[in-house]
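Undergrad: One structure is given below, represented as C-alpha coordinates, and several questions about it will come after.
The values are calculated or read from the model by the stated rules, or taken from the named source; none is laboratory data. Not measured: the values here are computed from a predicted model. So basically every Cβ, Gly included, is an ideal-geometry build from the backbone, and we count neighbours across all protein chains shown. We work out accessible area using only protein heavy atoms, side chains counted, and drop any ligands, DNA or RNA first. Shrake-Rupley method; radii C 1.70, N 1.55, O 1.52, S 1.80 Å.
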Amino acid sequence: MPPAKNAMEIFKLLDMSNCRECGEKTCLAFAGALFQGQRKLAECPKLDPEIIGRYSEHPEKKDATEQNRDEYLQQLKSEIANHDLAAVAERVGAQFSKNRLTLKVLGKDFGVDTAGNLYADIHINPWVVIPFLSYILHGKGLPVSGNWVSFRELNDGKERYPLFQKRCEEPMKRVADIYTNLFDDLVHIFSGKQVEEQFESDISVVLQPLPRVPIMICYWRPEDGLESSLNVFFDETADENLDIGSVFTLGAGLAQMFGKLALRHGFPEAVSSQ
Ligand code: SF4
(Lines give C-alpha, C1' and ligand atoms only; values in the text may rest on other atoms or scores of the structure.)
Protein backbone atom coordinates (compact mmCIF):
# COMPACT_ATOMS: atom_id res chain seq x y z
CA MET A 1 0.00 0.00 0.00
CA PRO A 2 1.34 3.49 -0.81
CA PRO A 3 2.10 5.89 2.03
CA ALA A 4 -0.85 7.92 3.38
CA LYS A 5 -1.48 11.12 1.42
CA ASN A 6 -2.27 13.26 4.44
CA ALA A 7 -2.92 13.22 8.17
CA MET A 8 -6.70 12.94 7.76
CA GLU A 9 -6.20 9.66 6.00
CA ILE A 10 -4.33 8.41 9.07
CA PHE A 11 -6.88 10.00 11.42
CA LYS A 12 -9.57 7.81 9.91
CA LEU A 13 -7.54 4.74 10.86
CA LEU A 14 -7.21 5.71 14.51
CA ASP A 15 -9.21 4.28 17.37
CA MET A 16 -10.99 7.65 17.92
CA SER A 17 -11.20 6.88 21.64
CA ASN A 18 -9.13 9.92 22.62
CA CYS A 19 -7.55 7.69 25.25
CA ARG A 20 -4.46 9.96 25.56
CA GLU A 21 -2.06 7.03 25.83
CA CYS A 22 0.09 8.62 23.13
CA GLY A 23 0.39 11.81 25.23
CA GLU A 24 -1.95 13.85 23.00
CA LYS A 25 -5.35 15.12 24.18
CA THR A 26 -7.22 13.64 21.24
CA CYS A 27 -6.73 11.39 18.24
CA LEU A 28 -7.13 14.49 16.08
CA ALA A 29 -4.27 16.18 17.95
CA PHE A 30 -2.16 13.06 17.33
CA ALA A 31 -2.99 13.24 13.62
CA GLY A 32 -2.12 16.96 13.63
CA ALA A 33 1.23 16.30 15.35
CA LEU A 34 1.89 13.57 12.80
CA PHE A 35 1.06 16.12 10.11
CA GLN A 36 3.84 18.35 11.44
CA GLY A 37 6.33 15.50 11.46
CA GLN A 38 6.46 15.18 15.25
CA ARG A 39 4.86 11.77 15.67
CA LYS A 40 5.09 8.34 14.12
CA LEU A 41 2.21 5.97 13.51
CA ALA A 42 3.73 3.37 15.80
CA GLU A 43 3.36 5.77 18.74
CA CYS A 44 -0.38 5.10 18.93
CA PRO A 45 -0.53 1.88 21.00
CA LYS A 46 -4.12 1.32 19.88
CA LEU A 47 -3.24 1.14 16.20
CA ASP A 48 -3.21 -2.35 14.73
CA PRO A 49 0.42 -3.38 13.98
CA GLU A 50 -0.83 -4.74 10.68
CA ILE A 51 -1.95 -1.23 9.67
CA ILE A 52 1.37 0.26 10.79
CA GLY A 53 3.16 -2.38 8.74
CA ARG A 54 0.96 -1.77 5.72
CA TYR A 55 1.89 1.89 5.69
CA SER A 56 5.58 1.03 6.01
CA GLU A 57 5.78 -1.52 3.19
CA HIS A 58 7.63 0.84 0.86
CA PRO A 59 10.72 1.93 2.76
CA GLU A 60 12.23 3.33 -0.41
CA LYS A 61 9.42 5.90 -0.51
CA LYS A 62 9.00 8.73 1.95
CA ASP A 63 6.95 7.64 4.96
CA ALA A 64 3.67 9.35 5.78
CA THR A 65 5.30 11.56 8.40
CA GLU A 66 7.87 12.92 5.99
CA GLN A 67 5.32 13.38 3.27
CA ASN A 68 2.92 15.26 5.56
CA ARG A 69 5.76 17.40 6.81
CA ASP A 70 6.74 18.29 3.24
CA GLU A 71 3.15 19.18 2.40
CA TYR A 72 2.89 21.38 5.48
CA LEU A 73 6.16 23.07 4.53
CA GLN A 74 4.87 23.80 1.04
CA GLN A 75 1.68 25.22 2.53
CA LEU A 76 3.67 27.57 4.78
CA LYS A 77 5.89 28.65 1.89
CA SER A 78 2.88 29.43 -0.28
CA GLU A 79 1.41 31.55 2.54
CA ILE A 80 4.48 33.77 2.38
CA ALA A 81 3.28 35.25 -0.93
CA ASN A 82 0.21 36.68 0.85
CA HIS A 83 2.24 38.56 3.43
CA ASP A 84 3.93 41.95 3.42
CA LEU A 85 7.36 40.74 4.52
CA ALA A 86 8.60 44.28 5.27
CA ALA A 87 5.82 44.71 7.86
CA VAL A 88 6.36 41.16 9.15
CA ALA A 89 10.09 41.84 9.65
CA GLU A 90 9.32 44.76 11.92
CA ARG A 91 6.89 42.67 13.97
CA VAL A 92 9.17 39.69 14.53
CA GLY A 93 12.58 41.35 14.99
CA ALA A 94 13.95 40.59 11.51
CA GLN A 95 15.55 42.67 8.73
CA PHE A 96 14.00 43.28 5.33
CA SER A 97 16.12 44.16 2.35
CA LYS A 98 16.17 43.38 -1.38
CA ASN A 99 12.90 41.49 -1.23
CA ARG A 100 14.14 39.21 1.50
CA LEU A 101 13.37 38.84 5.22
CA THR A 102 16.39 37.74 7.26
CA LEU A 103 16.77 36.93 10.93
CA LYS A 104 19.25 35.09 13.11
CA VAL A 105 18.82 31.38 13.86
CA LEU A 106 21.41 30.26 16.43
CA GLY A 107 23.55 33.23 15.42
CA LYS A 108 23.44 32.49 11.68
CA ASP A 109 21.51 34.33 8.96
CA PHE A 110 18.31 32.62 7.86
CA GLY A 111 16.06 34.21 5.26
CA VAL A 112 13.08 33.85 2.97
CA ASP A 113 12.09 35.93 -0.05
CA THR A 114 8.61 36.95 -1.15
CA ALA A 115 8.39 33.87 -3.40
CA GLY A 116 9.05 31.53 -0.47
CA ASN A 117 12.67 30.66 -1.39
CA LEU A 118 14.88 30.01 1.62
CA TYR A 119 18.44 31.26 2.19
CA ALA A 120 20.63 30.20 5.11
CA ASP A 121 24.17 30.12 6.42
CA ILE A 122 23.36 26.80 8.10
CA HIS A 123 21.95 23.50 6.87
CA ILE A 124 18.24 23.92 6.10
CA ASN A 125 16.62 21.25 8.29
CA PRO A 126 12.83 20.84 8.45
CA TRP A 127 13.02 21.18 12.24
CA VAL A 128 14.31 24.74 11.74
CA VAL A 129 12.33 25.70 8.63
CA ILE A 130 8.85 24.89 9.96
CA PRO A 131 9.27 26.91 13.20
CA PHE A 132 11.01 29.70 11.22
CA LEU A 133 8.08 30.06 8.80
CA SER A 134 5.47 29.66 11.55
CA TYR A 135 7.23 32.33 13.57
CA ILE A 136 7.19 34.91 10.79
CA LEU A 137 3.70 34.03 9.54
CA HIS A 138 1.80 33.56 12.79
CA GLY A 139 3.96 34.81 15.69
CA LYS A 140 2.75 37.86 17.61
CA GLY A 141 6.23 39.29 17.96
CA LEU A 142 5.80 40.03 21.68
CA PRO A 143 8.92 41.30 23.46
CA VAL A 144 10.73 38.69 25.56
CA SER A 145 9.59 39.02 29.21
CA GLY A 146 12.62 37.50 30.93
CA ASN A 147 10.41 35.07 32.91
CA TRP A 148 11.41 31.47 32.30
CA VAL A 149 8.84 28.69 32.34
CA SER A 150 8.97 24.99 31.56
CA PHE A 151 7.36 23.49 28.46
CA ARG A 152 4.43 22.15 30.50
CA GLU A 153 3.56 25.68 31.67
CA LEU A 154 3.04 26.91 28.11
CA ASN A 155 -0.46 26.79 26.62
CA ASP A 156 -1.20 23.20 25.55
CA GLY A 157 2.24 22.18 26.83
CA LYS A 158 1.01 20.05 29.74
CA GLU A 159 -0.45 17.26 27.61
CA ARG A 160 2.60 17.14 25.38
CA TYR A 161 5.16 17.38 28.16
CA PRO A 162 5.75 13.62 28.61
CA LEU A 163 6.64 13.41 24.94
CA PHE A 164 8.73 16.57 25.14
CA GLN A 165 10.74 14.97 27.94
CA LYS A 166 11.25 11.87 25.82
CA ARG A 167 12.23 13.69 22.63
CA CYS A 168 14.07 16.68 24.04
CA GLU A 169 15.13 16.74 27.68
CA GLU A 170 16.11 13.08 28.09
CA PRO A 171 18.25 12.87 24.91
CA MET A 172 19.89 16.21 25.74
CA LYS A 173 20.74 14.94 29.23
CA ARG A 174 22.30 11.78 27.80
CA VAL A 175 24.52 13.88 25.54
CA ALA A 176 25.45 16.31 28.35
CA ASP A 177 26.33 13.40 30.69
CA ILE A 178 28.76 11.85 28.20
CA TYR A 179 29.95 14.67 25.96
CA THR A 180 31.04 17.13 28.62
CA ASN A 181 32.12 19.82 26.14
CA LEU A 182 28.56 20.18 24.91
CA PHE A 183 27.91 23.51 26.63
CA ASP A 184 31.18 25.02 25.35
CA ASP A 185 30.14 24.03 21.85
CA LEU A 186 26.74 25.65 22.30
CA VAL A 187 28.46 28.90 23.22
CA HIS A 188 31.12 28.81 20.50
CA ILE A 189 29.36 27.19 17.56
CA PHE A 190 25.76 28.26 18.08
CA SER A 191 26.27 31.69 19.65
CA GLY A 192 24.81 30.51 22.96
CA LYS A 193 25.30 32.61 26.06
CA GLN A 194 26.31 31.15 29.38
CA VAL A 195 24.22 33.00 31.96
CA GLU A 196 24.24 33.13 35.73
CA GLU A 197 23.11 29.71 36.95
CA GLN A 198 19.33 29.56 37.16
CA PHE A 199 17.19 27.38 39.43
CA GLU A 200 20.38 26.35 41.31
CA SER A 201 21.70 24.53 38.26
CA ASP A 202 25.43 23.99 37.64
CA ILE A 203 25.30 25.30 34.06
CA SER A 204 22.74 27.52 32.32
CA VAL A 205 23.08 28.36 28.64
CA VAL A 206 20.66 30.45 26.58
CA LEU A 207 20.26 29.72 22.88
CA GLN A 208 18.47 31.95 20.40
CA PRO A 209 16.85 29.71 17.77
CA LEU A 210 14.54 32.62 16.82
CA PRO A 211 14.87 36.29 17.83
CA ARG A 212 11.96 36.33 20.32
CA VAL A 213 11.99 32.68 21.30
CA PRO A 214 15.03 32.13 23.53
CA ILE A 215 15.60 28.69 25.03
CA MET A 216 17.48 28.14 28.28
CA ILE A 217 19.08 24.77 29.02
CA CYS A 218 19.91 24.11 32.68
CA TYR A 219 22.07 21.17 33.72
CA TRP A 220 22.65 19.77 37.19
CA ARG A 221 25.70 17.50 37.49
CA PRO A 222 25.42 14.17 39.35
CA GLU A 223 26.12 14.61 43.02
CA ASP A 224 26.15 12.47 46.19
CA GLY A 225 24.59 9.46 44.47
CA LEU A 226 21.96 11.62 42.78
CA GLU A 227 21.62 11.41 39.02
CA SER A 228 22.32 14.41 36.82
CA SER A 229 19.37 16.34 35.55
CA LEU A 230 18.58 18.62 32.61
CA ASN A 231 15.62 20.90 32.00
CA VAL A 232 14.73 23.20 29.14
CA PHE A 233 13.00 26.51 29.79
CA PHE A 234 11.22 28.99 27.54
CA ASP A 235 10.28 32.61 27.91
CA GLU A 236 6.67 32.81 29.10
CA THR A 237 5.78 34.53 25.78
CA ALA A 238 7.01 31.56 23.70
CA ASP A 239 3.51 30.20 23.02
CA GLU A 240 2.39 33.62 21.72
CA ASN A 241 5.37 34.08 19.45
CA LEU A 242 5.30 30.52 18.12
CA ASP A 243 2.69 27.76 18.01
CA ILE A 244 3.22 25.02 20.59
CA GLY A 245 3.88 22.39 17.89
CA SER A 246 6.77 24.46 16.57
CA VAL A 247 8.12 25.05 20.09
CA PHE A 248 8.15 21.26 20.46
CA THR A 249 9.83 20.84 17.06
CA LEU A 250 12.58 23.28 18.01
CA GLY A 251 13.32 21.45 21.27
CA ALA A 252 13.35 18.01 19.66
CA GLY A 253 15.43 19.30 16.74
CA LEU A 254 18.02 20.82 19.06
CA ALA A 255 18.27 17.49 20.90
CA GLN A 256 18.97 15.72 17.58
CA MET A 257 21.58 18.32 16.72
CA PHE A 258 23.33 17.80 20.08
CA GLY A 259 23.38 14.06 19.39
CA LYS A 260 25.07 14.69 16.04
CA LEU A 261 27.65 16.89 17.74
CA ALA A 262 28.46 14.12 20.21
CA LEU A 263 28.75 11.60 17.36
CA ARG A 264 31.09 13.88 15.45
CA HIS A 265 33.31 14.09 18.51
CA GLY A 266 33.45 10.31 18.90
CA PHE A 267 30.80 9.66 21.57
CA PRO A 268 28.32 7.23 19.96
CA GLU A 269 27.18 6.06 23.39
CA ALA A 270 25.63 9.53 23.93
CA VAL A 271 23.05 8.75 21.25
CA SER A 272 22.90 4.97 21.28
CA SER A 273 19.49 4.75 22.92
CA GLN A 274 17.88 7.70 21.09
S1 SF4 B 1 -3.15 6.66 21.69
FE2 SF4 B 1 -4.10 6.45 19.69
S3 SF4 B 1 -6.26 6.17 20.18
FE4 SF4 B 1 -5.33 7.03 21.99
S5 SF4 B 1 -5.53 9.28 21.77
FE6 SF4 B 1 -3.56 8.73 20.92
S7 SF4 B 1 -4.00 8.47 18.76
FE8 SF4 B 1 -5.96 8.35 19.78
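Undergrad: Could you pull out the pairs from LYS25/LYS104; LYS12/LYS40; LYS104/LYS166 whose alpha carbons sit more than 23 Å apart here?
TA: Working: LYS25/LYS104 34 Å; LYS12/LYS40 15 Å; LYS104/LYS166 28 Å.
From the list (LYS25/LYS104; LYS12/LYS40; LYS104/LYS166), the Cα-Cα distance tops 23 Å for LYS25/LYS104; LYS104/LYS166.
Undergrad: Determine the shape class of region 36-187: with a ≥ b ≥ c the square roots of the Cα gyration tensor eigenvalues, call it rounded for a/c under 1.5, and otherwise prolate if a/b is greater than b/c, oblate otherwise. The partial results should precede the final answer.
TA: Numbers: a/c = 1.81, a/b = 1.28, b/c = 1.41.
Cα axes put region 36-187 in the oblate bin.
Undergrad: Taking the convex hull of the alpha carbon atoms in region 208-262, what volume per residue do you get, in Å³?
TA: It comes to 92 Å³ per residue, whole-number rounded.
Undergrad: Another one. Tally Lys/Arg at +1 and Asp/Glu at -1 over every other residue whose Cβ is under 14 Å from the Cβ of ASP109; what's the total?
TA: Here the charged neighbours net out to +2.
Undergrad: Restrict the search to region 91-182; then list the chymotrypsin sites (Phe, Trp or Tyr not before Pro) that DSSP places in a loop and that have at most 14 other Cβ atoms within 10 Å of their Cβ.
TA: Working: sites: PHE96, PHE110, TYR119, TRP127, PHE132, TYR135, TRP148, PHE151, PHE164, TYR179; in loops: TYR179.
Of the chymotrypsin sites (Phe, Trp or Tyr not before Pro), not one in the loops of region 91-182 has a Cβ with at most 14 other Cβ atoms within 10 Å.
Undergrad: If you don't mind, another one. Would you work out the relative contact order for region 183-274, in percent, from Cα pairs under 8 angstrom that are 6 or more residues apart?
TA: About 15 percent, as a whole number.
Undergrad: Quick one: Debye curve from the C-alpha atoms of region 111-160, no solvent, what's log10 I(q)/I(0) at q = 0.19, 0.21, 0.31 Å⁻¹?
TA: So the normalised log intensities work out to -0.86, -0.95, -1.18.
Undergrad: Continuing with the same structure: Using only the alpha carbons, work out the radius of gyration and Dmax of region 171-274 in angstrom.
TA: Cα-based Rg and Dmax for region 171-274 come out at 13.6, 40 Å.
Undergrad: Take the chain, mark every one of the GluC sites (Glu not before Pro) that falls in a DSSP loop and has at most 14 other Cβ within 10 Å, then report the longest stretch left between them, sites excluded.
TA: Values: sites that count: GLU21, GLU57, GLU60, GLU196, GLU197, GLU200, GLU227.
No qualifying site falls inside 61-195, the longest such stretch.
Undergrad: Please state, as a whole number in µm²/s, the translational diffusion coefficient that the Stokes-Einstein equation yields for the chain at 20 °C and 1.002 mPa s, with Rh defined as the Kirkwood radius across alpha carbon pairs.
TA: 109 µm²/s
Undergrad: Moving to a separate point now. Please report, as a whole percent, how much of the solvent-accessible surface of the chain comes from carbon and sulfur atoms (probe radius 1.4 Å). Walk me through the numbers before you get to the answer.
TA: Numbers: 6610 of 13430 Å².
Looking at the chain in its full context, I get 49 percent from C and S.
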